[in-house]
Each structure stands twice: as C-alpha cells, then as structure tokens.
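Visitor: For reference, the structure I am asking about is given below.
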Amino acid sequence: MSADVTVLGLGPMGAALAGAFLAAGHRTTVWNRTPGKAGALVAEGAAEAASAGQAVTASPLTVICLATYDAVRDVLAPAAGELAGRTVVNLTSGSPDHARQTAAWAGLHGIRYLDGVIMTTPPGIGTPDVLLLFGGPQADFDACRETLSALGDPVHLGTDPALPSVHDTALLALMWGTLTGWLHGAALVGADGPGGNVTATAYTAVADRWMTTVRTFMTAYAPHIDAGRYPGGDFPLRLHHMTMDILTHAGELRGVSSGLPELCQGLVGRGIEAGHGDDSFARLIEFIRKGGGPA
Ligand code: FVH
C-alpha cells in the first residue's frame, strides 16, 4: 500500500515533488498559496485542497517546499492544530538556525518534524540516486523513508534537524570549487596549440577518470582533519607547491586567468611559511577555518 502524502507549495520544486509522488503511486493532495498551479498535477491524479489546513488533514505525511522559512511559518502556523500527531517534512532551503527553530516549534505543537535538503534541480527529482538529506528523529525518518524514496535516495544524517542545512552549504562549496577547477582545466586544454585543439568534451572524459583519484585524496585526508594530525607521506605541501608552479606557468603561457592557481598557491605558501611543508594538504584546513590560521 502506498502511503498518502500532501505537498504544500507548487513552485518548480514542489510541483516536481508532487509529480514524483504521483508517479510512484501515492495518493497525493496538493495546495499552493496562489491558485492555478495545480492543473497539470490534478490531470495526473492529484487532489487539490482549498486550504493548507484542509490539505494536511488528507495525509499522515506533509511535505512542504516553499521559497523561505518565513513562508513556511506563515503556512504551517494556522494549520498547527490539524498537524498535531502528523509528520511534516520541510524541504525548503534555509539556515541551520531556521531548521532548529522550526523543529522546536513543531515539537511544541506535537508535530513530528524532519528537516531536509534536496541536492538536485526539479528535473532530477525521481532519479533513484539523487541525494536528499534529512535530519530529525530516526523513528520519524524510518516511518516515511519509503514514501520519500519516490523522490530519490533519502539519507538520514542524524537527529539534529540542522544537519541537512549544514551539509547543503558544504556540498555547494564542493560543487563550486570542483566546477571552477574543471573550468580552469577546460580553459587550459582549449588554449593549447594553434587554435586550441582539445575540446571540453574530450578533456571531461579524462577529467572524469581523474576524479576517482581526487576522491581517494579526500578519503585519505579526512581522518587527518578529524585527528588534527597531517602526515605528509609522499605528497607533502612542499611538493604540492612545486607542482602548482607547473599549473601557474601553463596558465601564463596560454594567457589563461591566474585567479585559481594564485588562490591555491597562496594557501599552500602560507602553510609552508608557517612550517608545515612536510604535512599533507589537509593541514590547510587550519588556514581556511574561522580565524584564518592557527594561533
Ligand atoms: N528549484 C531548484 O532548483 C532548487 C533546488 C534545491 C532546493 N530548492 C529550494 O526549494 C524551495 C522551493 O523552490 P522552488 O524552485 O519551488 O521555487 P521558489 O520560488 O523558491 O518557491 C516558490 C513557492 O513558494 C511559495 N511561497 C512563497 N512565499 C510564500 C508565502 N509567504 N506563503 C505561502 N507560499 C509562499 C510560492 O507560492 P506562490 O507564490 O505560487 O503563491 C511557491 O509555491 C526553495 O527553498 C529553494 O531554495 C529549489
């Protein structure tokens, strides 16, 4: 038996969520502040409710996905009575404080609450390996895990409702850092030789293989960060710095922007100047953390 689910908010993401629940066979009730956005979903079998309060009484589980947490408060507060004893999964983007405050509010009203983030854009919803991250009581997550799997791969990070938001920004940092490095590489290979003879597509096929090695670096360095000890092994900061010279020089030869190599080399240089040339790359976390460097 597929569980019934209510979706509050039919922006691009809310509509994609509702569509995925319908596609997975869940009886789905939808509501949006501004009428007129439910037509396509109703045609696919959704029930449209006249108010948020009416919508939440249709299902044991309500998924809310609005523009802001202020909007979430505006919508949920008047429906608090109807929501008591039911579960709310909030997939609105916000800060860790937003998540904790909303969880505390839900607790006061006897509402089961999970905070979550979606690590994709609307067209990715319903893809089995797309990450959706959740925080809140384990039992509440377990109770709706199967329903949420209609959206992608739901992962429970822990009982703290702020954990998804904390990971959201960290994963965005990883994405933009990685994409900037990839673009820099595409600019380098595209500027090589007369007319630039390596296409971004050809370069990306090789870069994709290289990411396997980059992942092994992350996996090896993470315990260094957690332990606060950074054994350099056969690839210490000193060697990173020398290798970065090659990158800087290659950019100069091809007239490619020097912003990224300068950023990397500046950071590694600070580590070496502070006496950490024999340490691993992970030592640089101390120059990135709040305060910008060790005492
Ligand atoms: N779209 C995306 O790619 C990203 C991917 C990652 C996560 N986000 C977050 O999802 C939330 C919803 O995003 P959205 O794309 O659906 O569109 P938004 O424009 O952010 O939200 C539109 C809905 O919010 C409703 N809304 C706004 N203010 C209020 C309010 N005061 N009371 C009730 N509802 C409100 C709006 O209603 P309406 O304007 O149609 O009446 C839409 O339903 C968001 O947090 C992203 O960061 C999406």
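Visitor: Only residues that are crowded, with 18+ Cβ neighbours inside 10 Å and either modelled with pLDDT under 95 or of a type in the set (Ser, Thr, Tyr) (or both): list them for the range 14-35, please.
Guide: Thr28, Thr29
Visitor: Regarding the range 125-140, can at least one residue be identified that is touching a residue at least 40 places away in the same chain (Cβ under 8 Å) and either within 21 Å of Gln54 (Cα to Cα) or of a type in the set (Gly, Ala, Ser) (or both)?
Guide: yes
Visitor: Also, quick follow-up: State which residue pairs qualify: first residue in the same structural domain as Ser280 (by TED's automatic domain parsing) and surrounded by 10 or more Cβ atoms within 10 Å (Cβ to Cβ) and inside the range 211-236, second residue hydrophobic (A, V, I, L, M, F, W, C) and modelled with pLDDT of 95 or more in any location, beta carbons under 7 Å apart, and separation of 6 or more residues or different chains.
Guide: These pairs meet every condition: Tyr221/Phe281; Tyr221/Ala282; His224/Ala282; Ile225/Ala282; Ile225/Ile285; Tyr230/Ala282.
Table: residues versus (1) more than 18 Å from Ala18 (Cα to Cα); (2) touching a Phe, Trp or Tyr at 6+ places or on another chain (Cβ under 9 Å); (3) not assigned by TED's automatic domain parsing to the domain that holds Leu91.
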position: Gly116; (1), (2), (3): no, yes, no
position: Thr127; (1), (2), (3): no, no, no
position: Leu131; (1), (2), (3): no, no, no
position: Gly135; (1), (2), (3): yes, yes, no
position: Ala143; (1), (2), (3): yes, no, no
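Visitor: Criterion first (among the small types (Gly, Ala, Ser), away from the ligand (no atom under 16 Å from the Cβ) and touching a residue at least 60 places away in the same chain (Cβ under 8 Å)) does Ala3 satisfy it?
Guide: When the stated conditions are applied, Ala3 passes them.
Visitor: List the helices (runs of 4 or more DSSP H) that sit entirely inside the range 36-95 and contain at least 2 residues that are at pLDDT 95 or above, surrounded by 17 or more Cβ atoms within 10 Å (Cβ to Cβ) and near the ligand (Cβ under 10 Å from one of its atoms).
Guide: So the answer is 69-76.
Visitor: Within the range 118-137, is there a residue that is farther than 21 Å from Val30 by Cβ, within 16 Å of the ligand (Cβ to nearest atom), among the aromatic types (Phe, Trp, Tyr) and buried (at least 17 other Cβ atoms within 10 Å of the Cβ)?
Guide: Taking every residue of the range 118-137 in turn, at least one turns out to be farther than 21 Å from Val30 by Cβ, within 16 Å of the ligand (Cβ to nearest atom), among the aromatic types (Phe, Trp, Tyr) and buried (at least 17 other Cβ atoms within 10 Å of the Cβ).
Visitor: Does the range 223-253 hold any residues that are hydrophobic (A, V, I, L, M, F, W, C) and either more than 19 Å from Ala274 (Cα to Cα) or touching a helix residue (DSSP H, G or I) at 6+ places or on another chain (Cβ under 9 Å) (or both), and which are they?
Guide: Matches in the range 223-253: Ile225, Ala227, Phe235, Leu237, Met244, Ile246, Leu247, Ala250, Leu253.
Visitor: So which residues in the range 138-164 are crowded, with 19+ Cβ neighbours inside 10 Å and in contact with a Gly (Cβ under 6 Å, 6 or more places away or on another chain), if there are any at all?
Guide: Answer for the range 138-164, where residues must be crowded, with 19+ Cβ neighbours inside 10 Å and in contact with a Gly (Cβ under 6 Å, 6 or more places away or on another chain): Leu157, Pro161, Leu163, Pro164.
Visitor: Moving to a separate point now. Quick check: anything in the range 229-238 under 25 Å from Pro194 (Cβ atoms) and either outside any helix (DSSP H, G or I) or at pLDDT below 95 (or both)?
Guide: No, there is no match, as no residue in the range 229-238 is under 25 Å from Pro194 (Cβ atoms) and either outside any helix (DSSP H, G or I) or at pLDDT below 95 (or both).
Visitor: If you scan the range 107-117, which residues turn out to be buried (at least 18 other Cβ atoms within 10 Å of the Cβ) and away from the ligand (no atom under 16 Å from the Cβ)?
Guide: Selection gives Ile111, Arg112, Tyr113.
Visitor: Just to be sure before I move on: is Arg100 more than 10 Å from the ligand (Cβ to nearest atom), among the charged types (D, E, K, R), surrounded by fewer than 23 Cβ atoms within 10 Å (Cβ to Cβ) and closer than 30 Å to Ala170 by Cα in the structure I sent?
Guide: yes
Visitor: Let me ask something additional. With respect to Val155, determine if the residue is modelled with pLDDT under 95, of a type in the set (A, V, I, L, M) and either touching a Leu at 6+ places or on another chain (Cβ under 7 Å) or not in a helix (DSSP H, G or I) (or both).
Guide: no
The values are calculated or read from the model by the stated rules, or taken from the named source; none is laboratory data. Being a predicted model, the structure only gives us computed values, none of them experimental. Because the Cβ atoms are built from the backbone with ideal geometry, glycine has one as well, and the counts that use them run over all protein chains shown.
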